[in-house]
Every structure is written in C-alpha cells, then in structure tokens.
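Asker: One structure is given below, represented as structure tokens, and several questions about it will come after.
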Amino acid sequence: DSGAPADMSISMLGGPAGGVLPNVNRWRGQIGLPAWSDAELAGATTKVDVDGVPAVVVEFAGDKTPQGEARKTRILGAIVPRGEQTWFYKLTGDDPLVARERENFLSFVKSVKH
C-alpha cells in the first residue's frame, strides 16, 4: 500500500544459534528498542506449531528502521529449532503493513516442512 516497505527474510544457522533471547534482543536493537530480560521475553512470546516443532513467535514495534531512519517499524519473527539447526523467519517493515500481514506471515511459517 502506498509504497510502504517490508522485508521477509529466512535464514538457518547451525545449533541453537546463540539462543532465542540474544537473537530477539538483536532484532529489538535494530529498531531502537531496549533489550528484554528472560521474564519479558517469556511474557511476550507465543508458540505455533511448525511441522511438529514448537516455534517461538515475537512481535514488537519501534521508532526507527534497521537503516536508522525515523519511522514506525514492526518486526514479526518466528524462531524454529529443528534438530541441529535453527530457522529464523522475520518480517520487518512499515508498522501498519506488518501488523496487517501478521496472519499471512504466520500461515506461511506454519506451512513450512523442514
């Protein structure tokens, strides 16, 4: 809509890839948000099933883009541990656009077969 930007990325790293909290806090820092504690993370996540594996889903909005521009930006991410790998699905972009695409993003993540 109106040229609002969003970016979908999928990446895979070996092992636990540093853990859920450090990765979420890295994402939070990308859009100008402070780091979460373990308790804050636990209270802000949901779980979805991805091919029989529980995935952690997070969502938050900040006041800058990962490039440092002042613009309300939302990140919606899913972290899926799968054997000796961890898969990361992340949608980053214009706050209203990412919020509106939440269900489509989650449907896509839940449809993945690892």
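The values are calculated or read from the model by the stated rules, or taken from the named source; none is laboratory data. Quick caveat, the model's predicted, so the values are computed rather than measured. Here the Cβ positions follow ideal geometry from the backbone for every residue, glycine too, while neighbour counts run over all protein chains shown. For accessibility, only protein heavy atoms count, side chains too; no ligands or nucleic acids. Shrake-Rupley method; radii C 1.70, N 1.55, O 1.52, S 1.80 Å.
Asker: Residue under question is R100, and the condition is that it be open to solvent by 70 Å² or more (accessible area, probe 1.4 Å), on the phi < 0 side of the Ramachandran plot and basic (K, R); does it hold?
Answerer: So R100 fits the description; yes.
Asker: Give all pairs with beta carbons closer than 6 Å in which a residue from segment 81-101 that is more than 19 Å from L13 (Cα to Cα) and part of a loop (DSSP other than H, G, I, E, B) meets a residue that is modelled with pLDDT of 95 or more and of a type in the set (A, V, I, L, M); count only pairs at least 6 apart in sequence or on separate chains.
Answerer: From residues that are more than 19 Å from L13 (Cα to Cα) and part of a loop (DSSP other than H, G, I, E, B), there are no pairs.
Asker: Pick out the one residue from K90, K64 that is modelled with pLDDT under 95, basic (K, R) and surrounded by 15 or more Cβ atoms within 10 Å (Cβ to Cβ).
Answerer: On the way: K90 fails: modelled with pLDDT under 95.
From the options K90, K64, the qualifying one is K64.
Asker: Anything in segment 70-87 that is farther than 21 Å from L33 by Cβ and exposed (fewer than 14 other Cβ atoms within 10 Å of the Cβ)? List them, or say none. If you could, list the steps in order and put the result at the bottom.
Answerer: Just the residues of segment 70-87 that are farther than 21 Å from L33 by Cβ, to begin with: 80-87.
Within segment 70-87, G83, E84 qualify.
Asker: Q30 is checked against (1) buried (at least 16 other Cβ atoms within 10 Å of the Cβ); (2) over 12 Å from the mean Cα position of the chain (by Cα); (3) of a type in the set (S, T, N, Q) and fails just one. What number does that condition carry?
Answerer: Failed condition: (2).
Asker: Kindly establish whether V58 is assigned to a strand (DSSP E or B), over 14 Å from T92 (Cα atoms) and open to solvent by less than 80 Å² (accessible area, probe 1.4 Å). Steps first, please.
Answerer: Working: assigned to a strand (DSSP E or B): yes; over 14 Å from T92 (Cα atoms): no; open to solvent by less than 80 Å² (accessible area, probe 1.4 Å): yes.
Here the answer is no, as V58 does not meet what is asked.
Asker: Can I ask one more? The conditions are (1) without any contact (Cβ under 8 Å) to a residue 60 or more places away in the chain; (2) open to solvent by 60 Å² or more (accessible area, probe 1.4 Å); (3) of a type outside the set (D, E); (4) not in a strand (DSSP E or B), and P16 fails exactly one of them. Which is it?
Answerer: Against the list (1) without any contact (Cβ under 8 Å) to a residue 60 or more places away in the chain; (2) open to solvent by 60 Å² or more (accessible area, probe 1.4 Å); (3) of a type outside the set (D, E); (4) not in a strand (DSSP E or B), P16 comes up short only on (1).
Asker: Here's something else I'd like to know. Can you tell me which condition K47 does not meet? The list is (1) part of a helix (DSSP H, G or I); (2) of a type in the set (K, R); (3) out of contact with any Asp or Glu (no Cβ under 9 Å at 6 or more places or on another chain), and all the others hold.
Answerer: In the conditions (1) part of a helix (DSSP H, G or I); (2) of a type in the set (K, R); (3) out of contact with any Asp or Glu (no Cβ under 9 Å at 6 or more places or on another chain), K47 misses (1) alone.
Asker: Right, another one. Among the numbered criteria (1) out of contact with any Ser or Thr (no Cβ under 6 Å at 6 or more places or on another chain); (2) closer than 23 Å to V112 by Cα; (3) surrounded by fewer than 14 Cβ atoms within 10 Å (Cβ to Cβ), which single criterion is violated by A42?
Answerer: (2)
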